[in-house]
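Student: The structure's right below; bear with me while I get my questions together.
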Amino acid sequence: MTLALPIYLDYNATTPVDPRVFEAMSPYFTRVFGNAASRTHAFGREAEAAVLHARNQVAGLLNAEQDERHGAREIIWTSGATEANNLAIKGVADACREKGRHLITQTTEHKAVLDPCKRLAEQGWDVTVLPVDRAGRVSARQVADAIRADTVLVSIMYANNEVGTVQPIREIGAICKERGVIFHTDATQAIGKLPIDVQADGIDLLSLSAHKLYGPKGVGALYVRKKNPRVRLTPLFDGGAHERGFRSGTLNVPGIVGLGLACELAAHELVNERLRLSALRDRLQSSLTHRVGPVVVNGDERNRLPHVANLSFPGLDGTSLLNTLDDVAVSSGSACTSASLAASHVLMAMGLGDDLAHTAIRFSLGRFTTLEEIDYVVQKFAAVVPRLRNEHGADCGTCEPRSDLRTVS
Ligand SMILES: Cc1ncc(COP(=O)(O)O)c(C=O)c1O
């Protein structure tokens with residue numbers, strides 16, 4: 001069988017819509033087009049029933065409370081994870097400002113968490129940004145030590161988008177419970193990849209996005225705990241009081257139907273996909289190490305998303321590498337968040353020098369990745385990397401691997 005090129009290994013950036021999801025969404029653009037808030041007629045009620053079903057599908061994946069009659073009320077629809085993070089962070093900060101004005105987060109969060117925190121800091125909130133270790137992890141002890149009497153929110157991501165490092169969420173959740181602080185997690189990259197349980201993990205607020213989960217772009221959700229404790233939030237915008245007043249605006253019914261089914265499929269396929277993808281990822285990492293070494297693994301190999309490998313190729317010019325790999329779609333350690341060539345803030349926070357950060361490549365595998373694709377990518381790297389290393393010059397001092405980082409070769 002011939003391989004379809006280019007090969008997509010950038011599933012953390014976005015995923016294709018699963019054909020089953022696409023099919024399920026389709027009637028909601030045309031035949032079932034009603035406004036889910038129009039309860040006075042059948043068009044609206046049919047749309048509302050689909051939204052209700054989707055709420056339970058999303059809740060099912062998180063072990064949030066489901067409700068056959070009303071749909072899981074702890075699920076608030078948003079336009080994606082950026083909005084969900086903003087709503088969680090700014091919403092809690094504002095609603096709890098009488099209690100205190102202190103928030104805790106950590107350095108390798110996505111900008112969709114760091115920037116709302118920065119905005120609040122400009123407005124007078126005190127924000128503690130915890131450092132991470134070389135693997136990109138914070139410890140529950142760091143969080144415990146940072147909590148003060150005026151702390152209103154801890155926001156720590158479930159798993160990192162660039163290196164795949166998974167944080168000790170359950171331990172952090174337990175500490176937040178013990179100390180009476182609301183716990184938010186940005187689970188955009190972990191959802192559907194790892195089993196997540198908002199009850200066992202002690203999570204009060206959780207952000208997710210459909211387009212990282214084989215659903216459509218422009219739709220996501222925020223899980224908002226309703227009891228033990230009941231989380232209070234000030235909405236970002238005012239209007240028709242949809243979503244229990246947390247998020248006004250006419251619902252994106254086709255998108256919500258897509259997100260619901262995407263969650264249900266992920267729940268069914270999680271166990272097998274986790275094994276399949278980690279086997280493919282391990283094959284990619286070890287083959288590259290053997291055939292292309294030296295290779296530096298960035299992230300935490302014991303606590304890592306199953307489908308992610310972030311690898312640095314010391315002695316290379318990262319830009320030339322990406323330019324040469326025209327039939328492999330991956331992300332680089334620079335330019336991850338913008339068109340700029342600044343090194344990734346995640347890799348810098350983990351203590352990588354500019355050299356390793358600039359030669360880092362993120363491989364993120366997904367539902368449609370095959371063994372043949374992985375072997376092709378390895379072959380391609382094996383052909384290209386030694387040539388580029390020679391061209392770049394063995395005497396490139398700035399590109400030496402650092403001795404304090406784990407080098408696999
Ligand atoms: C960890 C994380 N949080 C938030 C986002 C933003 O998600 P959205 O595109 O749905 O706004 C992303 C997207 O890259 C992400 O990886």
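Student: Regarding segment 168-184, can at least one residue be identified that is within 11 Å of the ligand (Cβ to nearest atom), crowded, with 24+ Cβ neighbours inside 10 Å, closer than 23 Å to Ala93 by Cα and within 14 Å of the chain's Cα centre (by Cα)?
Tutor: Looking for residues that are within 11 Å of the ligand (Cβ to nearest atom), crowded, with 24+ Cβ neighbours inside 10 Å, closer than 23 Å to Ala93 by Cα and within 14 Å of the chain's Cα centre (by Cα), one finds none in segment 168-184, hence no.
Student: Given the criterion surrounded by fewer than 17 Cβ atoms within 10 Å (Cβ to Cβ), at pLDDT 95 or above and farther than 30 Å from Thr151 by Cα, identify the matching residue among Glu23, Glu68, Glu46, Glu122.
Tutor: Glu23
Student: Have a look at Lys193, Lys227 and point out the one that is basic (Lys, Arg) and in contact (Cβ under 8 Å) with a residue 24 or more places away in the chain.
Tutor: Being basic (Lys, Arg) and in contact (Cβ under 8 Å) with a residue 24 or more places away in the chain holds for just one of Lys193, Lys227, which is Lys193.
Student: Would you check if Leu194 is among the aliphatic types (A, V, I, L, M), within 16 Å of the ligand (Cβ to nearest atom) and surrounded by fewer than 24 Cβ atoms within 10 Å (Cβ to Cβ)?
Tutor: Answer is yes for this residue.
Student: Can you pull out the residues in segment 84-109 that are within 18 Å of the chain's Cα centre (by Cα) and surrounded by fewer than 22 Cβ atoms within 10 Å (Cβ to Cβ)?
Tutor: Asn86, Thr107 - these are the residues of segment 84-109 that are within 18 Å of the chain's Cα centre (by Cα) and surrounded by fewer than 22 Cβ atoms within 10 Å (Cβ to Cβ).
Student: Given Ser248, Ser287, which one is over 21 Å from the mean Cα position of the chain (by Cα) and not in a loop (DSSP other than H, G, I, E, B)?
Tutor: None of the others qualify; the one that does is Ser287.
Student: Name the single residue, out of those in segment 332-352 being of a type outside the set (A, V, I, L, M) and modelled with pLDDT under 90, that is most open to solvent (accessible area, probe 1.4 Å).
Tutor: Thr337
Student: Provide a single number: the residues in segment 362-376 that are touching a helix residue (DSSP H, G or I) at 6+ places or on another chain (Cβ under 7 Å) and either small (Gly, Ala, Ser) or in a strand (DSSP E or B) (or both).
Tutor: Residues in segment 362-376 being touching a helix residue (DSSP H, G or I) at 6+ places or on another chain (Cβ under 7 Å) and either small (Gly, Ala, Ser) or in a strand (DSSP E or B) (or both): 1 in total.
Student: So which residues in segment 204-217 are touching a helix residue (DSSP H, G or I) at 6+ places or on another chain (Cβ under 6 Å) and either surrounded by fewer than 24 Cβ atoms within 10 Å (Cβ to Cβ) or more than 20 Å from Thr15 (Cα to Cα) (or both)?
Tutor: Scanning segment 204-217 gives Leu205, Pro216, Lys217.
Student: Based on this model, can you work out whether His53 counts as over 18 Å from the mean Cα position of the chain (by Cα) and either within 16 Å of the ligand (Cβ to nearest atom) or surrounded by 16 or more Cβ atoms within 10 Å (Cβ to Cβ) (or both)?
Tutor: Criteria met by His53.
Student: Among the helices (runs of 4 or more DSSP H) contained in segment 74-153, which hold 2 or more residues that are away from the ligand (no atom under 15 Å from the Cβ) and more than 27 Å from Leu347 (Cα to Cα)?
Tutor: Helices (runs of 4 or more DSSP H) meeting the threshold: 81-95.
Student: Collect the residues in segment 277-303 that are open to solvent by 40 Å² or more (accessible area, probe 1.4 Å) and in contact with an Asp or Glu (Cβ under 9 Å, 6 or more places away or on another chain), keeping them in residue-number order.
Tutor: Arg283
Student: Right, next: When you check His53 against the structure, is it assigned to a loop (DSSP other than H, G, I, E, B) and within 26 Å of His211 (Cα to Cα), yes or no?
Tutor: No: the conditions fail for His53.
The values are calculated or read from the model by the stated rules, or taken from the named source; none is laboratory data. Worth saying up front: this structure is predicted, and the values here are computed from it rather than measured. Neighbour counts are summed over all protein chains in view; Cβ atoms, including those assigned to glycine, are modelled from backbone coordinates with ideal geometry. When the accessible area is computed, the model is the full protein with side chains, heavy atoms only, and any ligands, DNA or RNA have been set aside. Shrake-Rupley method; radii C 1.70, N 1.55, O 1.52, S 1.80 Å.
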